[in-house]
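Down below is the structure, laid out as structure tokens.
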Amino acid sequence: MFVDEARIFVKAGDGGAGCKSFRREKHVPKGGPDGGDGGRGGDVVLEADPSASTLIDYQFKRHFKARRGTHGMGSRMDGAEGADVVLAVPLGTVIKDDETGRTIMDLTHAGQRAIVARGGQGGRGNTHFVTAVRRAPAFAELGMPGEERTIALEMKLLADAALVGFPSAGKSSLIARMSAARPKIADYPFTTLVPNLGVAKAGEYSYVVADVPGLIEGASEGVGLGHAFLRHIERTALILHVIDLSGGHEQRDPVAGITAIDAELSAHAAELALRPQILLGNKIDIPGASEASDRVAVFAAEHEIPYFAVSAVTGDGIEPMMRAVGETVHALRLAAHHEEQPYEAVYVYAPPEDEDLTVEQTARGEFLVKGKHVERMVIITEMSNDEAVAHLQRRLRRAGVEAALLEAGAADGDTITIGPASFEFDSEGAETP
């Protein structure tokens, strides 16, 4: 089964909690706090793997979660980091955020990685909160939750040349003649339901050729089968436009067919109209095909497009065509190599974060405080620990939360919500540091 699209949910590991511990040893009076930090949660990583050919693995399992970090311990022992989850995807996989549609990364090189969900930071142990006036802090931080999101995977074949054209033009027969690929071949339209890849060799040149399912007019708008595979043509350096010189079942005019397919490619992606192209007039061995071939040759000459009349059945014209394709692909590869920019082996997707502190009053009269920085303060605070809550209150005051609430009209006794927690506002409740 060929699967080129998938949607999966990924959840990075939560950070471990810091430890609140005190050193207690014989002959060591007042040993002091010695709680270790929590371990960082594991990441969810996608890696381009040349051995993967489809996204079928992600049709049956769609939820992936990395391990959480372990909690800190006494004697200043930090928790262990959670193990990453590494998911193998085929080369040519585009990763997108499903909610925003934003492209996270395009994996086109073997071993290239993208971190799609980052593990949460571990909480700090109570050793970090010792001050001149607070010698024995009895609180520590909780770990941050790991990122989670739904991502869309979209695979685009990495081929040097793509055979495109109307159904029954002979694309499958051509790829079978050009390479060791053995697609289904039959005398009816749409025998090719999935793209096929083959490695062609002509003299000193070798290249990968793709047989894309037949296109029909309106394919770019979802008509027929080919629309589902138009994306695979985007990767190819060269388009091999296959024309049925016999006219096919519909006795289609060959020149009109060329312009119709070009229009569908251009409608799908305007850049495809500028892609290098070679016209292949197939079935030249059929009686009456020579006249159609002459017309195509005139069209090709007028538009300065290389043209080859071939027969996938008898092999006529195949060798010179394959060599010309090899030379063109080789030249395009050299040009692309000079233009190629270095890529990062590891790319961390960092979604934009709203760090600005904002206060909103809800319809029920409650106040909602937003801002990644202050929300993080609340998330890592152990609300059942009075000393930890008092420390949080002091931090929120220093961050300007109390001033912002007063400016927004908050009064003592109003309900304040920050992240997952709600409080009763007390403008005089904060202690001095």
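Residues whose amide H falls under 5 Å from that of A159, counting only those 5 or more places apart or on a different chain, are T236, with hydrogens built in the peptide plane. Rounded to the nearest whole Hz, the Karplus-based 3J(HN,Hα) values (6.51 cos²θ - 1.76 cosθ + 1.60, θ = phi - 60°) of segment 34-41 follow the sequence 8, x, x, 7, x, x, 6, x, with x at glycine and proline. Sorted ascending by nearby beta carbons within 10 Å, beginning with the fewest, R23, R62 become R62, R23. Placing a pseudo-label 7 Å from each Cα along the Cα-to-Cβ vector at A399 and E360 gives an inter-label distance of 1.8 nm. FRET efficiency for the pair R295 and E271, taken as 1/(1 + (r/R0)^6) with r the Cβ-Cβ distance and R0 = 25 Å, rounds to 0.35.
Straight-line reach from K372: taking Cα to Cα under 19 Å and skipping same-chain neighbours fewer than 8 places apart, the aspartates and glutamates in range are D14, E141, E147, E148, E353, D354, E355, D356, E360, E382, E402. In the structure shown, the pairs K96/K201; K20/K65; K65/K370; K156/K201; K156/K283 are assessed against 25 Å; a Cα-Cα span above that value is assigned to K96/K201; K20/K65; K65/K370; K156/K283. Residues K65, K201, K283, arranged from fewest to most other Cβ atoms within 10 angstrom of their Cβ, appear as K201, K65, K283. For segment 358-424, the mean projected area of the C-alpha convex hull, equal to one quarter of the hull surface, is 4.2 nm². Here the gap between T100 and M77, fully extended at 0.36 nm per residue and compared with their Cα-Cα distance, gives a gain of 4.2 nm.
I'd like the FRET efficiency for T131 and D57, computed as 1/(1 + (r/R0)^6) with the beta carbon distance as r and R0 of 45 Å, rounded to 0.05. E(calc), rounded to 0.05, equals 0.30. Ordering T314, T417, T236 from the fewest to the most neighbouring beta carbons within 10 Å gives T314, T417, T236. Between D253 and M383, the contour length at 0.36 nm per residue exceeds the alpha carbon distance by 39.2 nm.
The simple Förster model, with R0 at 25 Å and r as the Cβ-Cβ distance, assigns E407 and K370 a FRET efficiency of 0.95.
According to the calculation over all Cα-Cα pairs in segment 1-155, the P(r) per 5 Å bin from zero is 2, 10, 15, 16, 13, 10, 8, 7, 6, 5, 4, 3, 1, 0, 0 %.
Each reported figure results from applying straightforward, stated rules to the coordinates on display, with no laboratory input. Note that this is a predicted model, so its numbers are computed, not measured. In this analysis, Cβ positions are derived from the backbone assuming ideal geometry, glycine residues included, and neighbour counts consider all displayed protein chains.
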